[in-house]
1. Step by step: first the residues of segment A:81-112, then only those that are acidic (Asp, Glu) and more than 7 Å from chain B (Cβ to nearest Cβ), then the one that is nearest to B:Asp30 (Cα to Cα). Which residue is that?
2. Right, B:Glu63: farther than 21 Å from A:Val4 by Cβ, surrounded by 12 or more Cβ atoms within 10 Å (Cβ to Cβ), touching a helix residue (DSSP H, G or I) at 6+ places or on another chain (Cβ under 9 Å) and acidic (Asp, Glu) or not?
3. Which numbered condition in (1) within 11 Å of another protein chain (Cβ to nearest Cβ); (2) surrounded by fewer than 16 Cβ atoms within 10 Å (Cβ to Cβ) is the only one that A:Ala17 fails?
4. Is one or more of the residues making up segment A:39-60 without any contact (Cβ under 8 Å) to a residue 40 or more places away in the chain, away from chain B (no Cβ under 12 Å) and within 11 Å of the chain's Cα centre (by Cα)?
5. If a residue counts only when it is within 21 Å of B:Tyr33 (Cβ to Cβ) and of a type outside the set (Phe, Trp, Tyr), which strands (runs of 3 or more DSSP E) contained entirely in chain A have at least 2 such residues?
6. Considering only residues that are modelled with pLDDT of 95 or more and within 14 Å of another protein chain (Cβ to nearest Cβ), which ones fall in segment B:56-86?
7. Do you know which of the residues in segment B:2-51 that are crowded, with 16+ Cβ neighbours inside 10 Å, within 12 Å of B:Gly106 (Cβ to Cβ) and of a type in the set (A, V, I, L, M, F, W, C) is nearest to the other protein chains (Cβ to nearest Cβ)?
8. Working only within segment A:61-96, note down all residues that are hydrophobic (A, V, I, L, M, F, W, C), within 13 Å of the chain's Cα centre (by Cα) and more than 20 Å from B:Leu43 (Cβ to Cβ).
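The values are calculated or read from the model by the stated rules, or taken from the named source; none is laboratory data. Keep in mind it's a predicted model, so treat the numbers as computed, not measured. In this analysis, Cβ positions are derived from the backbone assuming ideal geometry, glycine residues included, and neighbour counts consider all displayed protein chains.
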Amino acid sequence: AQSVTQPDIHITVSEGASLELRCNYSYGATPYLFWYVQSPGQGLQLLLKYFSGDTLVQGIKGFEAEFKRSQSSFNLRKPSVHWSDAAEYFCAVGKYSGGGADGLTFGKGTHLIIQP
Amino acid sequence: EADIYQTPRYLVIGTGKKITLECSQTMGHDKMYWYQQDPGMELHLIHYSYGVNSTEKGDLSSESTVSRIRTEHFPLTLESARPSHTSQYLCASSEWDGGFNEQFFGPGTRLTVL
């Protein structure tokens, strides 16, 4: 069965500093990978996704992520964070069953705190 | 504006009550999902649907049930709520073409069972 590990429960970054959130996955085939952001009291918003092709993917709000098959990783990065980036970030891998694409398996999330 | 809605946003209810959490989307998506999220934890898929009259159980066993009578509507029901059902429930929808498409999430319903 597939799984997603986000090793950092909390990360604190100063405003304007760079950010990297780690994600490792376990999946037998080529993975479909996603990063979502959840602001307090809100639903999840898709930041970016990787299906195939270029291993460096660009997303919304200035985020990017790099797929590294050899390390089973899909880390999220941003060169300069803003106070509005404070939120919960979830990495997810798409799940296939016999009937086709079913749902997503999520990591436990990383809580991002931005210091002024 | 195309969107996905969940009502109520917050619900506090006593043990043994029957509750229905509503989820509606205006995007014409065939596929819909329910996820359960405990505080500080990951989301777990509990139900999904490929379209009208289709319902499937997800990865996490749940005592809740779902129905899909209309494309835009995917309600979740608990016949007898218990404190162990206290959690956040997130509804999502996506296009369905056999592959993976972006899932659009509603704002969630935070359920507390006393």
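1. If we filter segment A:81-112 for residues that are acidic (Asp, Glu), which is where we start, we get A:85, A:88, A:102.
Now narrow it down to the ones that are more than 7 Å from chain B (Cβ to nearest Cβ): A:85, A:88.
Details: A:Asp85: 32, A:Glu88: 28 Å.
The selected residue is A:Glu88.
2. Working: farther than 21 Å from A:Val4 by Cβ: yes; surrounded by 12 or more Cβ atoms within 10 Å (Cβ to Cβ): yes; touching a helix residue (DSSP H, G or I) at 6+ places or on another chain (Cβ under 9 Å): yes; acidic (Asp, Glu): yes.
In short, yes.
3. Only one criterion in (1) within 11 Å of another protein chain (Cβ to nearest Cβ); (2) surrounded by fewer than 16 Cβ atoms within 10 Å (Cβ to Cβ) is unmet by A:Ala17, namely (1).
4. So far as segment A:39-60 goes, no, none of its residues is without any contact (Cβ under 8 Å) to a residue 40 or more places away in the chain, away from chain B (no Cβ under 12 Å) and within 11 Å of the chain's Cα centre (by Cα).
5. Details: elements: A:3-5, A:10-14, A:19-21, A:24-26, A:33-38, A:44-50, A:56-58, A:64-68, A:73-78, A:87-97, A:100-106, A:110-115.
In chain A, the matching strands (runs of 3 or more DSSP E) lie at A:3-5, A:33-38, A:44-50, A:87-97, A:100-106.
6. Answer for segment B:56-86, where residues must be modelled with pLDDT of 95 or more and within 14 Å of another protein chain (Cβ to nearest Cβ): B:Val66, B:Phe74.
7. B:Ile4
8. Of everything in segment A:61-96, just one residue is hydrophobic (A, V, I, L, M, F, W, C), within 13 Å of the chain's Cα centre (by Cα) and more than 20 Å from B:Leu43 (Cβ to Cβ), namely A:Phe67.
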